[in-house]
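Participant: Sending over a structure as structure tokens; questions will come in a sec.
The values are calculated or read from the model by the stated rules, or taken from the named source; none is laboratory data. In this text the structure is predicted, and so the values were computed from the model without any measurement. Here Cβ is always computed from backbone atoms with ideal geometry, including for glycine, and neighbour counts include all displayed protein chains.
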Amino acid sequence: MSINDSFITIQSLMWLFLATFMIHDFEEIIVVESWMKKNYPKIRNVVPRPLANRLKDMSTIKSSQFTVAVLLEFIIFIPITYLAVEHQNYLLFVGFNAILLLHVFMHLGQSIYLKMYTPGVITGIVITLPYTIYLFYRMVQENLLTLKQIILYAPSGLLLLPIILVGHRIGKIVIRD
């Protein structure tokens with residue numbers, strides 16, 4: 001462990017997952033509605049055909065509807081983080097962090113492809129990317145997991161995808177136009 005690693009315990013670092021997630025999602029919540037209203041007409045014909053229907057669904061999203069999905073994720077992340085910190089059950093914790101790491105590259109790819117700012121790209125690059133890399137580094141350095149285990153656990157994060165879809169569906173049902 002280097003001197004810089006001793007400034008924060010691994011347990012505190014793991015709990016920071018919740019803050020990291022929320023900071024990133026606050027950026028998305030704050031700008032998604034206005035960004036879609038402003039940019040959907042410009043980007044709808046640029047987006048690859050397989051993604052066009054998903055984009056159309058998102059084009060009318062309200063920030064409050066998006067928040068419902070974020071809330072559902074957050075509620076699930078609390079016990080998953082608790083299990084990681086207090087019971088060394090890392091499977092879903094690593095998986096969800098791996099998905100969020102990949103999510104950064106989705107934001108970055110969207111911005112590069114569209115040649116514009118997209119919601120979430122700033123906090124993805126500035127907050128989520130360094131946090132997740134450092135988290136995985138520390139978990140390996142402190143012998144909590146091996147890099148091989150992190151790679152093996154990463155696909156468990158795919159369980160997050162139906163949760164997100166259900167959250168967005170609930171948001172559209174609960175908060176109507």
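Participant: Looking only at residues in the stretch 161-177 that are among the basic types (Lys, Arg) and in a helix (DSSP H, G or I), which one is surrounded by the most Cβ atoms within 10 Å (Cβ to Cβ)? It would help to see each step written out before you state the result.
Facilitator: Let us first name the residues in the stretch 161-177 that are among the basic types (Lys, Arg), namely 169, 172, 176.
With in a helix (DSSP H, G or I) added as a condition, the list becomes 169, 172.
On the way: ARG169: 14, LYS172: 18.
So, considering only residues that are among the basic types (Lys, Arg) and in a helix (DSSP H, G or I), the one surrounded by the most Cβ atoms within 10 Å (Cβ to Cβ) is LYS172.
Participant: Take the residues in the stretch 92-108 that are among the aromatic types (Phe, Trp, Tyr) and under 11 Å from the mean Cα position of the chain (by Cα), then tell me which one is nearest to PRO119 (Cα to Cα). Let's see the steps before the verdict.
Facilitator: Pass one, the stretch 92-108, residues among the aromatic types (Phe, Trp, Tyr): 93, 96, 105.
Those left that are additionally under 11 Å from the mean Cα position of the chain (by Cα): 96, 105.
On the way: PHE96: 20, PHE105: 13 Å.
By that ranking, first place goes to PHE105.
Participant: From the list ILE78, ILE61, ILE43, pick out the single residue that is more than 21 Å from GLY167 (Cα to Cα), in contact with a helix residue (DSSP H, G or I) (Cβ under 8 Å, 6 or more places away or on another chain) and among the hydrophobic types (A, V, I, L, M, F, W, C). Reasoning before the result, please.
Facilitator: On the way: ILE78 fails: more than 21 Å from GLY167 (Cα to Cα); ILE61 fails: more than 21 Å from GLY167 (Cα to Cα).
Residue meeting the stated conditions: ILE43.
Participant: Shifting gears a bit: Evaluate the following for PRO155: is it out of contact with any helix residue (DSSP H, G or I) (no Cβ under 9 Å at 6 or more places or on another chain) and at negative phi? Give the steps one after another, and end with the answer.
Facilitator: On the way: out of contact with any helix residue (DSSP H, G or I) (no Cβ under 9 Å at 6 or more places or on another chain): no; at negative phi: yes.
The answer is no for PRO155.
Participant: Filter the stretch 17-54 down to the residues that are aliphatic (A, V, I, L, M) and more than 26 Å from THR132 (Cβ to Cβ), then identify the one that is modelled with the lowest pLDDT. Give the derivation first.
Facilitator: Restricting attention to the stretch 17-54, the residues satisfying the condition of being aliphatic (A, V, I, L, M) are 18-19, 22-23, 29-32, 36, 43, 46-47, 51-52.
Then keep just the ones that are more than 26 Å from THR132 (Cβ to Cβ); that gives 36, 43, 46-47, 52.
Numbers: MET36: 94, ILE43: 91, VAL46: 90, VAL47: 88, ALA52: 83.
Among those that are aliphatic (A, V, I, L, M) and more than 26 Å from THR132 (Cβ to Cβ), it is ALA52.
Residues checked against (1) touching a His at 6+ places or on another chain (Cβ under 6 Å); (2) surrounded by 15 or more Cβ atoms within 10 Å (Cβ to Cβ); (3) small (Gly, Ala, Ser):
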| residue | (1), (2), (3) |
| --- | --- |
| GLY95 | no, yes, yes |
| ALA98 | no, yes, yes |
| LEU101 | no, yes, no |
| LEU114 | no, no, no |
| ILE122 | no, yes, no |
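Participant: Being among the aromatic types (Phe, Trp, Tyr), within 26 Å of LYS115 (Cα to Cα) and surrounded by fewer than 21 Cβ atoms within 10 Å (Cβ to Cβ) narrows it down to one residue among PHE66, PHE21, PHE26, PHE74; which is it? Talk me through it step by step, then tell me what you get.
Facilitator: On the way: PHE66 fails: surrounded by fewer than 21 Cβ atoms within 10 Å (Cβ to Cβ); PHE21 fails: surrounded by fewer than 21 Cβ atoms within 10 Å (Cβ to Cβ); PHE74 fails: within 26 Å of LYS115 (Cα to Cα).
Just one listed residue meets the conditions, PHE26.
Participant: Could you tell me which residue of the stretch 141-160 is surrounded by the fewest Cβ atoms within 10 Å (Cβ to Cβ), considering only residues that are without any contact (Cβ under 8 Å) to a residue 60 or more places away in the chain and among the aliphatic types (A, V, I, L, M)?
Facilitator: LEU147
Participant: Kindly indicate whether any position in the stretch 20-30 is under 20 Å from VAL121 (Cβ atoms) and either outside any helix (DSSP H, G or I) or among the hydroxyl-bearing types (Ser, Thr, Tyr) (or both). Step through it out loud before you land on a result.
Facilitator: Applying the first criterion (under 20 Å from VAL121 (Cβ atoms)) to the stretch 20-30 yields 20-30.
Filter again for either outside any helix (DSSP H, G or I) or among the hydroxyl-bearing types (Ser, Thr, Tyr) (or both), leaving 20.
Yes, there is a match, as at least one residue in the stretch 20-30 is under 20 Å from VAL121 (Cβ atoms) and either outside any helix (DSSP H, G or I) or among the hydroxyl-bearing types (Ser, Thr, Tyr) (or both).
Participant: Which of the residues that make up the stretch 140-152 are within 10 Å of VAL94 (Cβ to Cβ) and touching a helix residue (DSSP H, G or I) at 6+ places or on another chain (Cβ under 6 Å)? Break it down into steps so the answer makes sense when it comes.
Facilitator: First, the residues of the stretch 140-152 that are within 10 Å of VAL94 (Cβ to Cβ): 144-145, 149-152.
Passing the criteria: LEU145, ILE150.
Participant: Write out, first by first residue and then by second, each pair whose Cβ atoms fall under 8 Å of each other, whose residues are 6+ apart or on separate chains, and whose first residue, in the stretch 56-73, is over 11 Å from VAL174 (Cβ atoms) while the second is of a type in the set (Ser, Thr, Tyr) and in a helix (DSSP H, G or I).
Facilitator: Listed pairs, sorted by first residue: SER59/TYR40.
Participant: Also, I was wondering about something else. Scan (1) farther than 23 Å from LEU158 by Cα; (2) within 18 Å of the chain's Cα centre (by Cα); (3) part of a helix (DSSP H, G or I) for the single condition TYR117 breaks and write down its number.
Facilitator: Condition (3) is where TYR117 drops out.
Participant: Next question. Please determine whether any residue of the stretch 85-97 is under 27 Å from TRP35 (Cα atoms) and of a type outside the set (D, E, K, R). Show your work before the answer.
Facilitator: Filtering the stretch 85-97 down to residues under 27 Å from TRP35 (Cα atoms) leaves 96-97.
This time we only want the ones that are of a type outside the set (D, E, K, R), so: 96-97.
Checking the stretch 85-97: at least one residue is under 27 Å from TRP35 (Cα atoms) and of a type outside the set (D, E, K, R).
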